[in-house]
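Have a look at the structure below before the remarks.
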Amino acid sequence: MLRLLGILITVLAAIAAAVVTWPQFFRLERTFPIAQIVSLRGPLTVAFAALFVIMLLLCAVRALRGFAASIAVIAAVVALAGGGILLARGIGGDPLPTKTADAIRVMTWNTAGAATDPQLIAKTAVAMQADVVALPETTIEAGEAVAIAMREMGSPMWAHHEAYPGWAANSTTLLISPDLGDYAVVESTSGDTTNTATVPTVVAMPVDGSGPTIVAAHAVAPRQDDMDQWRESLTWLGDQCASENVIMAGDFNATVDHMDRLGADGGDLGRCHDAAVAAGAGAVGTWSTDWPSLLGTPIDHVLATDAWTATGAVVLTSLDQSGSDHRPLVAQLEPAAR
């Protein structure tokens, strides 16, 4: 009986391990609670590596040897697979390349409302030579303060925003350099909705029709009661990447795992590609600052269509005590060769 129980547990453990390693195969990547579990690839990889060691030690007990060896094999496979996925997406380390005349630097930072000083945001954006700054959970008042501070530092910005009733988390601000031309916020309809659910997204288009559509994205967190709104928001954001020339940045509350099957024409989300993954920093966690970056969750993204090539991306880990629970992400985009 104990032998049969051990076999049953081993089989169930193998199935569970397969699901949390690659839920896309089972079409469970946006299903509660799998969506929450798979977002923690770093901790999962460490946990399975620790389980492997524990099971190896238990192999010394003759009565448990067969069961422990089976679980050890499963844990080793999952730890190696998880580590391989993290390495393939990139653990960062390379600095941004020198900014060229045609490059666009995009920074996104969920500022957690008033938790982050606008002066610090401005100094960071100027230091990173940002042309576009997406600021989820930032009111227009705070965004304008950032823009004014950047102007005083020699990098003027136009501030755009969208807001829902309520507190600062219900606001999203988008800063765009005048060097990119004049932009206006537009209403974008997709699936009978005009914006993301619960928290807003800013969609700005060039007034003269020349240049990329720029989107400051914010999707609601996938809490159990908000799963439908989260899925709908990711689909809506993917639809914003349907045209040829789009740059999108913000807090998606989703990793690239969750975006699976929402891509089109080879894109990760709609026709957009993840800049951090392309530049070798896709596994570096942007949330939460309470965790080491390689154990955190990469839910903040810079995305762009094939009109742009990502030549570098970096998650700023030196600002973990700034007040926000998110880290800034900066990516450099170059016009794609035609």
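The values are calculated or read from the model by the stated rules, or taken from the named source; none is laboratory data. Keep in mind it's a predicted model, so treat the numbers as computed, not measured. Neighbour counts are summed over all protein chains in view; Cβ atoms, including those assigned to glycine, are modelled from backbone coordinates with ideal geometry. Heads up: the accessible areas ignore ligands, DNA and RNA and are worked out on the full protein's heavy atoms, side chains in. Shrake-Rupley method; radii C 1.70, N 1.55, O 1.52, S 1.80 Å.
Worth a mention:
- Solvent-accessible ranking of TYR183, TYR164, largest area first, probe 1.4 Å: TYR164, TYR183
- Other-chain or far-sequence residues with amide H under 5 Å of ALA313's (modelled H): GLN332
- The helix-only estimate of mean residue ellipticity at 222 nm for the chain, built from DSSP H runs of length n ≥ 4 each weighted as -39500 (n - 2.57), is -10500 deg cm²/dmol after division by the residue total.
- Element breakdown for the chain at a 1.4 angstrom probe: carbon and sulfur atoms account for 60% of the accessible area.
- The chain: DSSP helices with Cα axial extent of at least 27 Å and average Kyte-Doolittle hydropathy no lower than 1.6: 2-21, 65-89
- Among LEU120, LEU12, LEU175, residue whose mean-square fluctuation peaks in a GNM of the chain (springs only between Cα atoms under 10 Å): LEU12
- In summary, the chain shows an alpha-carbon radius of gyration equal to 1.07 times the 2.2 N^0.38 Å reference for compact globular proteins.
- Comparing Cα centroids, region 152-197 and region 216-236 end up 18 angstrom apart.
- With all protein chains kept in place, the per residue accessible area of the chain amounts to 45 square angstrom at a probe of 1.4 angstrom.
- Peptides 259-271, 297-309 ordered by packing proxy, namely the average of other Cβ atoms within 10 Å per residue, highest first: 297-309, 259-271.
- Counting 0.36 nm for each residue step from GLU187 to LEU57 and taking away their Cα separation leaves a gain of 40.8 nm.
- Once you reduce region 254-286 and region 62-82 to the center of their Cα atoms, the two points are 31 Å from each other.
- If only the Cβ of Lys and Arg carry +1 and only the Cβ of Asp and Glu carry -1, the dipole of region 157-225 around its Cα centre is close to 220 debye.
- Across the alpha-carbon atoms of region 175-287, the computed radius of gyration and Dmax are 14.0, 43 angstrom.
- Anisotropy class of region 112-212 from Cα gyration tensor, a/c 1.5 cut: oblate
- Charges were assigned to the Cβ only: +1 to each Lys and Arg, -1 to each Asp and Glu. The resulting dipole of region 85-168 about its Cα centre is roughly 260 debye.
- The chain - Cys residues lacking any other Cys C-beta under 4.7 Å: CYS59
- Within region 301-338, backbone nitrogen closer than 20 Å to the virtual label 7 Å beyond the Cα of ALA163 toward Cβ: none
- Taking amide H atoms as placed 1.01 Å from N in the peptide plane, the amide H of TRP308 lies under 5 Å from those of ALA336, each 5 or more residues away in sequence or on another chain.
- Furthest towards positive pole of dipole, THR193, GLY93, TRP158, structure part region 58-201, Cβ charges: GLY93
- For ILE15, the accessible surface of its heavy atoms amounts to roughly 90 Å² (probe 1.4 Å, protein chains only, rounded to the nearest 10).
- Using only the C-alpha atoms, the convex hull of region 1-77 corresponds to 82 Å³ per residue.
- Selected from TYR183, GLY6, GLN224, residue furthest toward positive end of dipole (the chain; charges at beta carbon): GLY6
- Net charge dipole, region 239-302: roughly 80 debye, given to the nearest 20, about the Cα centre with Cβ charges of +1 for Lys and Arg and -1 for Asp and Glu.
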